[in-house]
Amino acid sequence: MAQAQQDAETTGTWRELLGRQYAPIAAVLAGGVLLEASNVYLTTSLLPTIVGEIGGAEFYAWTMTVFLLASVVSAMLVSRILTQQGAVRAYLLALGLFALGSLLCAGSPWMPALLFGRAVQGLGGGLLAGLGYALIQRALPQRLWARAAALVSAMWGVGNIVGPVVGGVFGQLNAWRAAFVVLAVVAVLICVLVVRSMPRTARGRSSEPVPWTSLLLLTGGVAAVSVASVVPTGLATAVALLVGIGLGVRFIRHERRSGSGILPKITFKAASSLRWVYLAVAVLAFGIGTEAFIPLFGQEIGALSPFVAGLLGAALSLGWAVTQMFTANVSGDRARRWLIIAGPVVVGAGLAAYGLLQQDGPSNTVIAAWFITLFAAGAGIGLGFPHLTVAALGSTDGEEEGAKAAAAVNTVFIIANSFSVALAGVLVNLAAPDLVRSAQLLMLVFAGMSVLGVTAARRAASGVRPRATTN
């Protein structure tokens with residue numbers, strides 16, 4: 001009993017986080033990330049209806065690409081904007097951009113206008129997601145960091161479920177413009193909550209210049225890999241991938257040598273495990289790139305209805321969201337390290353099992369196993385993700401560097417997700433038109449990459465610190 005009470009004091013409780021004092025703050029942090037996450041898949045589910053009305057089918061894939069690129073750019077500026085504007089003004093800026101972009105999308109008469117609206121949405125969404133992580137450190141006591149990190153990151157999983165469902169409803173009603181108006185209204189409602197509840201953090205001048213070189217290198221790398229997924233398979237795909245990888249490598253080298261970059265300075269110090277934390281986050285986020293194609297496999301290979309196939313696609317996110325709500329309760333240092341290490345193994349095993357179960361004309365038993373293996377893969381993400389976030393939050397003591405370390409978790413997540421979606425498209429196209437082979441190739445390659453991430457997870461786990469018992 002005494003040990004249980006001590007653990008609760010060390011880690012805090014869900015009741016405390018969701019109680020009267022901290023619930024409004026938690027709602028803002030989680031709500032902003034949920035807006036960003038659900039919007040990605042909501043728009044995807046609306047696209048057939050949108051294209052049917054305003055045309056622009058040739059730009060179909062770019063509605064996702066433009067949004068993600070804009071999100072990457074703004075996510076990399078979170079710590080700077082937070083330092084200069086303070087928490088309240090930073091959130092109002094992010095929500096204002098997201099609402100404006102949503103209204104621009106709602107009023108779009110043709111596809112180029114929709115793409116512009118998506119870019120503005122992405123700028124606001126990237127800020128919202130980054131602030132959701134960066135302000136855990138400033139707005140909440142340390143004993144609640146793990147649970148807050150679990151709640152915030154769970155919104156990515158929840159958004160992957162809510163987005164397609166809400167988008168499907170509005171698409172069925174042929175009311176896609178109303179869906180974007182609703183997003184703008186929700187953003188305004190969160191603005192009211194921000195003004196009433198968010199602590200007004202100090203504002204000041206950022207100590208570092210805008211990292212233009214890092215921004216250009218990383219944005220260019222993500223853009224190149226995104227292009228690789230939409231150009232004809234062959235030489236053009238290979239060239240685009242090589243350019244993207246090359247710019248990514250150049251970005252890391254520049255960050256290592258630069259005095260001011262996107263990642264905290266401590267990232268590349270020999271004694272720091274932060275770079276391994278970010279790499280472990282990237283490995284876990286990479287597995288999520290398979291989600292874009294799971295509903296397709298369900299419909300074409302398993303002959304599932306669109307609704308059931310959509311549920312299949314949400315199984316991975318559901319496993320992630322549910323699992324981390326429990327693993328965030330773990331307080332022992334040894335147990336948290338083991339959860340971080342086990343994460344990539346479980347993700348890889350789940351994806352590999354799903355890939356190996358692909359067959360023409362599957363039985364109901366096999367289809368049920370699809371759901372189970374995908375849920376297990378998602379559970380692997382949820383095992384260590386909250387503790388990786390806390391490891392990043394506690395990696396540095398400086399306020400601006402601390403905000404940068406926290407926001408970079410989200411930046412790394414978005415970048416890895418962008419790369420993984422693009423690579424998934426390439427792998428699926430390589431085996432087309434045989435979708436069984438496409439599914440097997442995609443899942444087994446991604447499973448192998450997840451298992452290779454165990455080395456990064458082991459090194460990241462070494463940076464887990466004992467949790468403080470005070471604010």
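The values are calculated or read from the model by the stated rules, or taken from the named source; none is laboratory data. Given the structure is predicted, the values throughout are model-derived calculations rather than measurements. Glycine also receives a Cβ, built like all others from the backbone with ideal geometry; neighbour counts cover every protein chain displayed. SASA here: full protein model, heavy atoms, side chains in, ligands and nucleic acids out. Shrake-Rupley method; radii C 1.70, N 1.55, O 1.52, S 1.80 Å.
Solvent-accessible surface of protein heavy atoms, probed at 1.4 angstrom with all chains present, puts 387, 254 in the order 254, 387, largest first. Checking the a/c ratio against 1.5 first, then a/b against b/c, what shape does the Cα gyration tensor give for segment 82-192? Taking the square roots of the gyration eigenvalues as a ≥ b ≥ c, segment 82-192 is oblate.
The Rg/Rh ratio of the chain, with both radii computed over alpha carbons and Rh defined as the Kirkwood radius, is 0.95. Within the shell of other residues whose beta carbon sits under 14 angstrom from the beta carbon of residue 297, the net charge comes to -3, with Lys and Arg scored +1 and Asp and Glu -1. Measuring nothing but how far apart in sequence close Cα pairs (under 8 Å, 6+ apart) lie, relative to its length, the chain scores a relative contact order of 23 percent. Across segment 186-193, rounded Karplus estimates of 3J(HN,Hα) from the backbone phi angles (6.51 cos²θ - 1.76 cosθ + 1.60, θ = phi - 60°) give 4, 4, 5, 4, 5, 4, 4, 5 Hz, Gly and Pro being marked x. With 0.36 nm allotted per residue and the present C-alpha distance subtracted, the residue 13-residue 436 stretch has 147.8 nm of extension available. Between amide H atoms placed 1.01 Å from N, distances below 5 Å from residue 453 occur with no residue 5 or more places distant or on a separate chain.
The residues of segment 74-150 have, on average, 24 Å² of accessible surface per residue, using a 1.4 Å probe with all protein chains present. Electrostatic bookkeeping for residue 113 treats Lys and Arg as +1 and Asp and Glu as -1; over the other residues with beta carbon under 14 Å from its beta carbon, the sum is +1. Could you give the Stokes-Einstein D for segment 57-118 in µm² per second, using the C-alpha Kirkwood radius, 10 °C, 1.306 mPa s? Estimated diffusion coefficient is 125 µm²/s.
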